[in-house]
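None of the figures in this text is laboratory data; all of them are computed from the coordinates on show. As the structure is a computational prediction, the values presented were derived from the model and not from experiment. Note that we place each Cβ from the backbone using ideal geometry, even for glycine, and neighbour counts take in every protein chain shown.
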Amino acid sequence: MDDRPIGMFDSGFGGLTVARAVIDLLPAEDLIYIGDTGRYPYGPRDLAEVAGFAHQITATLVGELGVKLVVVACNTAAAAALDDLRASFEVPILGVISPGARATVSATRSGRVGVIGTVGTIASGAYQREIRGDGIELTCAACPGFVEFVERGETASEQVHVLAERLLEPVVRAKVDALLLGCTHYPFLARTIADVMGRDVVLVSSADETAFEALAIMTRSGLGTARSSPGRHRFISSGDVNEFRRLGSRLLGPELDVEVEACSWP
């Protein structure tokens, strides 16, 4: 058994949806979460730049903080760097794209599915490569602006609803019956997205599926902790730590009602 922590990172708060799922499924595991809020959002950035950020953060988690597994809880970073990260580090590294894609294909009845994500994620073609099969029709839509609303804590405003109506129009027009929220920030907008899409559309979040995949990897590799007591959770931010704690505790829950550590990048 292995008592080292699980490492996780995102451009900001979105990965807290994955952290919530991991904490619920693996309550005895220690967790270290890095929110790169000093450089968010990743979505509009060049993918090569995002890949550099992902390498830097993963090196910190593995080399300095000694994690046993890394969850890339950011669709843009996973699209930009996941394969390269796996080739560069010896610990298991998983992303949110494959688990979400599998769950979406399983959820559809009509075969018409949609994916929404950041500009970078959609432009990368990562989901277009993952979601395929007989009878599957995929419609993708980039949703610039969603991340910024979540990072400001504006998840139910009239402005975000108007934006959602405009950005989701392609997937509404395609009459999808399953929509993958292809950014870990988007579940915080689930109510607004559901209002626009209609109640017959299944919204799929990759968070739970990613947590189950982490459990499967640790079970196969003997990486689970031997402890039965609740795990410890560390949260690190490259931006305003007080703002991260304030908004993050509202989004994640009491686990983030702790001191948030600061980090900076050279």
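Any idea how many residues of the range 213-247 are closer than 22 Å to GLY95 by Cβ and polar (S, T, N, Q)?
Qualifying residue count, the range 213-247: 4.
Does at least one position in the range 195-204 carry a residue that is out of contact with any Leu (no Cβ under 7 Å at 6 or more places or on another chain) and either part of a helix (DSSP H, G or I) or of a type in the set (Phe, Trp, Tyr) (or both)?
Scanning the range 195-204 turns up at least one residue that is out of contact with any Leu (no Cβ under 7 Å at 6 or more places or on another chain) and either part of a helix (DSSP H, G or I) or of a type in the set (Phe, Trp, Tyr) (or both).
Out of GLU243, GLU209, GLU261, report the one residue that is more than 18 Å from VAL18 (Cβ to Cβ), touching a Lys or Arg at 6+ places or on another chain (Cβ under 8 Å) and not basic (Lys, Arg).
Residue meeting the stated conditions: GLU261.
Within the range 161-168, identify whether any single residue is touching a helix residue (DSSP H, G or I) at 6+ places or on another chain (Cβ under 6 Å), part of a helix (DSSP H, G or I), free of Cβ contacts under 8 Å to residues at least 40 places away in the same chain and surrounded by 21 or more Cβ atoms within 10 Å (Cβ to Cβ), and answer yes or no.
yes
Filter the range 208-249 down to residues that are part of a helix (DSSP H, G or I) and small (Gly, Ala, Ser), then give me how many there are.
Adding up the residues that qualify gives 6.
When the range 187-217 is examined, which residues are found to be surrounded by 16 or more Cβ atoms within 10 Å (Cβ to Cβ) and over 19 Å from the mean Cα position of the chain (by Cα)?
VAL196, MET197, VAL201
With the structure loaded, tell me whether THR155 is touching a residue at least 24 places away in the same chain (Cβ under 8 Å), out of contact with any Phe, Trp or Tyr (no Cβ under 9 Å at 6 or more places or on another chain) and either surrounded by fewer than 16 Cβ atoms within 10 Å (Cβ to Cβ) or not in a helix (DSSP H, G or I) (or both) or whether it fails that test.
Here the answer is no, as THR155 does not meet what is asked.
Since VAL241 meets every condition but one in (1) under 17 Å from GLY12 (Cβ atoms); (2) in contact with a helix residue (DSSP H, G or I) (Cβ under 9 Å, 6 or more places away or on another chain), which condition does it not meet?
With (1) under 17 Å from GLY12 (Cβ atoms); (2) in contact with a helix residue (DSSP H, G or I) (Cβ under 9 Å, 6 or more places away or on another chain) applied to VAL241, the lone miss is (2).
Per-residue answers, yes or no, for (1) touching a His at 6+ places or on another chain (Cβ under 7 Å); (2) touching a residue at least 60 places away in the same chain (Cβ under 8 Å); (3) of a type in the set (D, E, K, R); (4) farther than 15 Å from ILE193 by Cβ:
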| position | (1), (2), (3), (4) |
| --- | --- |
| ARG109 | no, yes, yes, yes |
| THR118 | no, yes, no, no |
| GLY133 | no, no, no, yes |
| LEU138 | no, no, no, yes |
